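Worksheet for the structure shown next.
Just so it is clear, none of the values below were taken in a lab; they were calculated from the coordinates. Quick caveat: nothing in here was measured; it's all calculated off a predicted structure. Note that each Cβ is placed from the backbone with ideal geometry, even for glycine, and that neighbours are counted across all protein chains shown.
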Amino acid sequence: TAEKIPTLAQALAFLDGRGIAQIDLKKGVSNQQIARALEEANAIHRAMIITYSLNDAIELHQWLPEVMLSVGIDDISELSILEASGVNSERLTAWLGLGTGNPDLDQLLAQAGIETSYGDFRAERRGNARYRVMAENGAEILSVDKVEDATNALNAARASRDLLEVCSAAKG
């Protein structure tokens, strides 16, 4: 097509007043470049940066303490490392990986006020993603490719719970 892929600056300008940019760090782009781009676009308060290491999260937080960060956390001790490095836990969401989640770690993070995210892209491609289980395991954010499928599954689960609350025969 004649259309061109927008630059990050163009995308941030387009989203101004419309949405939040979720920026997924990729190889070849430095933390400093992302920080500078967000500052230049005045987009620090309307962006979340997906990081792939504790060091990246710490470095980005030092440059942009107000930006939201998504950080992969495998163990509650990693939250302690982030906090000891000065990272504000109120600016974090925790990526708990692929699959249906880790309810034990999710619960510990919830007690610390950290929202969690996970997804199962492989299961989505196979057509057997368990969105309801992800939500029941504590995810506040589901990372999905099939938004309509996830929405339908979560709405069906909510409708079932609502029915069980009012139906005496179902309470059994």
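Within the chain, antiparallel bridges make up roughly 0 percent of the DSSP beta bridges whose residues both belong there. For the range 59-100, GluC sites (Glu not before Pro) are listed when DSSP marks them as loop and at most 11 other Cβ atoms sit within 10 Å of their Cβ; the list is Glu66.
Computed extension length for Glu90-Arg158: 21.6 nm, one decimal, from 0.36 nm per residue of separation with the Cα-Cα distance subtracted. Straightening the chain between Asp75 and Thr151 buys 24.4 nm, computed as 0.36 nm per residue apart minus the Cα-Cα spacing.
What 222 nm value per residue comes from the helices of the chain, counting each DSSP H run with n ≥ 4 as -39,500 (n - 2.57) and dividing by all residues, nearest 500 deg cm²/dmol?
Rounded to the nearest 500, it is -13500 deg cm²/dmol.
With mean projected area of the Cα convex hull in nm² defined as stated, name the option among [x] 14.8; [y] 12.7; [z] 13.4 computed from the structure displayed. Calculated mean projected area of the Cα convex hull in nm²: the matching label is [z]. Within straight cross-link reach of Lys27, meaning Cα distance under 19 Å, which aspartates and glutamates are found once same-chain residues fewer than 8 apart are removed? Hits, sequence-local ones excluded: Asp56, Glu59.
Annotation for Trp63 and Asp24: the two label points, set 7 Å from Cα along the Cα-Cβ direction, are 2.0 nm apart. Distance between the pseudo-spin-label points of Asn128 and His45 (7 Å out from Cα toward the beta carbon): 4.7 nm.
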